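Accompanying notes for the structure given below.
The values are calculated or read from the model by the stated rules, or taken from the named source; none is laboratory data. All values derive from a computational prediction rather than experimental measurement. We place every Cβ from the backbone using ideal geometry, glycine too, and count neighbours over all the protein chains shown. In case anyone asks, the SASA skips ligands and DNA or RNA and just uses the protein heavy atoms, side chains included. Shrake-Rupley method; radii C 1.70, N 1.55, O 1.52, S 1.80 Å.
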Amino acid sequence: MEIRKGVAVSPGIAIARAMVIDSRDYRIPRRSILPSQRGREVQRVHEAFDRAVSQLIALEQAQAGRENQIKDIFAVHVRFLHDDSFRRRITEFVEAELVTAEYAVSTILREIASHFAGIDDEYISERAADIYDIERRLLTQLLGEVRQEVEHLKEQVVIVAHELTPTQTAGFNKTFVKGFATEAGGRTSHTAIVARSLGLPAVVALEDVTSSLTSESIVIIDGNRGVVIIDPDAQTLEEYQNYARELTRFEVELSSIRDKPAVTRDGVEIELLGNIEFPNEAVMAKEKGGVGIGLYRTEFLYLYSGTEPAEEDHYEAYAEVSRHFEGRPIVIRTMDLGADKLPYAARHMGESNPVLGLRSIRYCLQNLTMFKTQLRAILRASVLGDIRVMFPLIGNLQELRQAKMILRDVMEDLDEYAVPYNPDIKVGIMIETPSAALTAALLASDCNFFSIGTNDLIQYTLAVDRGNEHVATLYSAADPAIFNLLRSVIHDANKARIGLSVCGEVAGDPEYIMLLLGMGVRTLSLAPPMIPEIKQIVRSVTIKECNHLARKVGTMDSQRQIKNFLRDAATRIIPEAF
Ligand code: PEP
Ligand code: MG
């Protein structure tokens with residue numbers, strides 16, 4: 001049994017066989033074996049070779065009748081794998097050095113590849129890429145199943161990978177994929193956000209976890225405590241099975257408050273809205289008790305299909321959401337592409353610092369055709385209900401005015417063709433950068449509402465990449481700097497009498513709810529599966545005690561002090577969540 005601590009990003013417990021995917025580009029650590037395990041490791045090498053060869057022959061045959069180079073490539077790989085001296089080099093390495101098959105394959109193949117790469121002959125040096133390809137194929141055999149198998153699962157698994165993209169995660173079949181663990185990522189990376197939306201337990205920032213597993217390993221993912229247990233012993237397994245049952249019971253209990261209002265014990269109503277990435281999630285937002293959509297991340301329309309959505313694709317998506325929430329607020333955020341949300345093809349476009357680069361509203365303002373297409377669809381949908389438009393990552397007043405000017409241009413276009421829209425559509429912005437937070441009073445005079453995007457606001461304020469596992473422990477909302485910024489933005493919004501909500505992940509985090517209410521927040525937008533739990537907290541507290549708590553946090557001087565204080569307070573209110 002091996003217990004690994006990572007960062008909890010999506011609550012719940014998953015217990016299943018591990019499926020390791022994407023062995024691409026990762027380093028295989030040196031792991032020793034006992035002398036008695038030699039025979040088995042050598043056998044694993046042979047089996048991996050044999051399976052790789054069968055796979056390649058099948059691929060080669062699939063190209064039969066076609067005259068193409070792909071067929072030749074497969075044939076070369078098969079010849080290479082049939083070369084006895086090469087296979088022997090690997091098995092001898094296993095036996096002499098007492099290391100795992102994975103380590104031997106990786107070490108020997110990389111040696112050969114770098115030897116090839118160094119030869120001053122273009123044809124031979126290019127063969128290095130083939131060797132890496134063969135290495136990947138063998139490692140995939142050794143470490144688990146191939147990625148394609150995820151799409152054809154027949155049994156329940158937990159996915160273990162170096163990294164998963166948000167769209168890969170969104171594509172998981174929830175009947176079979178019960179949770180995941182990754183080496184990369186942080187609490188507010190978009191993959192984590194998708195996991196929460198899907199209700200998939202997940203833990204990230206687990207160094208080298210993929211190499212600790214075989215395809216036979218049973219894994220427990222504890223998305224509440226941020227723990228992953230590999231090959232649990234019988235007692236641990238039983239404890240976790242009981243814990244999982246308890247959590248399910250708690251969930252069932254919570255579903256009974258679905259239709260009850262989100263009102264504090266002293267009678268203050270709190271608006272709980274859903275964050276969604278796909279239009280069909282609106283159903284879940286409603287089922288879980290959400291009273292509208294506070295953040296629709298429309299960039300997923302773009303990411304998932306891989307092509308640029310047409311105006312009709314946008315319109316259909318917005319119309320679908322509006323059908324579930326007639327007359328209720330639906331906040332459509334314009335495309336927030338860039339950083340970790342890039343279409344696959346653009347992922348290697350080479351911005352050296354994409355988080356500070358051409359992302360979000362900046363990208364839209366430089367791609368006006370795409371931006372206007374989306375705005376036309378939003379405006380057309382605005383007659384269907386209380387549809388609002390929100391611009392992400394606004395950095396200053398000029399950017400907001402530019403975005404609004406484009407919106408007006410699009411309105412004029414629609415006027416020309418007598419297409420109906422709501423001319424008074426509410427226009428809001430996300431407060432996600434320190435510059436926006438510090439000039440909130442100016443920005444408030446030019447828009448109808450703010451939604452505080454704490455995920456990015458924390459990243460930019462603390463200078464901590466939200467998706468980087470190496471600094472994941474530095475990333476925290478419980479920082480005096482964040483407290484001060486939030487307090488000032490909330491104050492400015494209230495003074496200007498504009499709408500205010502919080503839609504970053506803190507809005508769905510049980511530990512932060514009392515603080516947000518105590519600071520004056522009355523609208524929260526969060527991942528739909530978290531709505532019942534957050535409603536339970538709202539219904540258990542008084543604004544008076546929340547105010548008191550917020551005042552106390554205002555006197556604290558460190559992340560640790562704030563975090564512990566908030567956790568203690570939340571644990572007293574809803575112990576089951578912890
Ligand atoms: C945020 O930054 O807090 C936010 C809600 O937007 P996203 O997570 O999509 O960047
Ligand atoms: Mg953001």
Discussion item. Can you order the peptides 125-131, 312-318, 286-292 by their average number of other Cβ atoms within 10 Å per residue, highest first?
Written reply: 286-292, 312-318, 125-131
Fill in: the chain, relative contact order [Cα under 8 Å, separation at least 6], %
15 percent
Practice prompt. Using the heavy atoms of the protein chains and a 1.4 angstrom probe, tell me the accessible area per residue for the chain in square angstrom.
Written response: 44 Å²
Worksheet item: Considering only DSSP beta bridges whose two residues both sit in segment 256-577, what percent are antiparallel, to the nearest 5?
Response: 5 percent
Worksheet item: Among bridges DSSP assigns within the chain, what percent are antiparallel (round to 5)?
Response: 35 percent
Worksheet entry | segment 169-314 shape via C-alpha gyration tensor axes, a/c threshold 1.5 | oblate
Worksheet, complete the sentence: Whole-Hz Karplus couplings 3J(HN,Hα) for segment 514-530, θ = phi - 60° and coefficients 6.51, -1.76, 1.60, Gly and Pro as x, run 4, 4, 4, 5, x, 8, x, 6, 10, 10, 10, 10, 8, 4, x, x, 8
Response to the item:
Helix 234-255: inclination vs the chain longest Cα principal axis, degrees, rounded to 10, gives 30 degrees
Discussion item. So if each residue of separation counts as 0.36 nm, and I subtract the Cα-Cα distance between I3 and V355, what length gain in nm does that give?
Written reply: 123.4 nm
Worksheet item: Suppose every K and R has +1 on its Cβ and every D and E has -1 on its Cβ; what is the size of the dipole of segment 256-577 about the Cα centre, in Debye to the nearest 20?
Response: 1060 debye
Worksheet item: Angle, helix 38-62 long axis vs. longest principal axis of the chain, Cα atoms, 0 to 90°, nearest 10?
Response: 80 degrees
Discussion item. Just to confirm the number: angle between the C-alpha axis of helix 101-117 and the first principal axis of the chain, 0 to 90 degrees, nearest 10?
Written reply: 80 degrees
Discussion item. Give me the Å³ per residue figure for the convex hull around the C-alpha atoms of segment 256-577.
Written reply: 131 Å³
Worksheet item: In nanometres, what is the gap between the two model label sites at E92 and E122, each 7 Å from Cα along Cα-to-Cβ?
Response: 3.5 nm
Discussion item. Going by average Cβ density within 10 Å per residue, which order do the peptides 186-199, 72-85, 353-366 take, highest to lowest?
Written reply: 186-199, 353-366, 72-85
Worksheet item: Just in segment 466-565: which trypsin sites (Lys or Arg not before Pro) are loop by DSSP and have at most 11 other Cβ atoms within 10 Å?
Response: R497
Worksheet item: Can you give me the Cα centroid spacing of segment 361-387 and segment 93-134 in angstrom?
Response: 51 Å
Worksheet item: Which FRET efficiency value, to the nearest 0.05, is calculated for S435 and V283 with the Förster distance at 41 angstrom and r the Cβ-Cβ distance?
Response: 0.65
Worksheet entry | the chain, helix-only ellipticity at 222 nm - DSSP H runs n ≥ 4, -39,500 (n - 2.57), divided by all residues, nearest 500 | -15000 deg cm²/dmol
Worksheet, complete the sentence: Subtracting the Cα-Cα distance of K154 and E576 from 0.36 nm times their residue separation yields 148.6 nm
Worksheet, complete the sentence: Among beta bridges assigned by DSSP with both residues in segment 124-235, the antiparallel ones amount in percent, to the nearest 5, to 35 percent
Fill in: Normalised convex hull volume, the chain, alpha-carbon set, Å³ per residue
178 Å³
Discussion item. Could you compute how fast segment 37-149 diffuses translationally, taking Rh as the Kirkwood radius over C-alpha pairs and applying Stokes-Einstein at 37 °C with viscosity 0.692 mPa s? Give it in µm² per second.
Written reply: 223 µm²/s
Item to complete: Calculate one ³J(HN,Hα) per residue across segment 318-332 by plugging θ = phi - 60° into the Karplus curve 6.51 cos²θ - 1.76 cosθ + 1.60, and present them in order as whole Hz with x for glycine and proline.
Response: 5, 5, 4, 5, 5, 4, 7, 10, 4, x, 9, x, 10, 9, 9
Practice prompt. Using a 1.4 Å probe over the heavy atoms of the protein chains, calculate the carbon and sulfur portion of the accessible area of segment 256-577 as a whole percent.
Written response: 50 percent
Response to the item:
Rounded to the nearest 0.05, FRET efficiency between H470 and I218 (Cβ-Cβ, R0 22 Å) equals 0.15
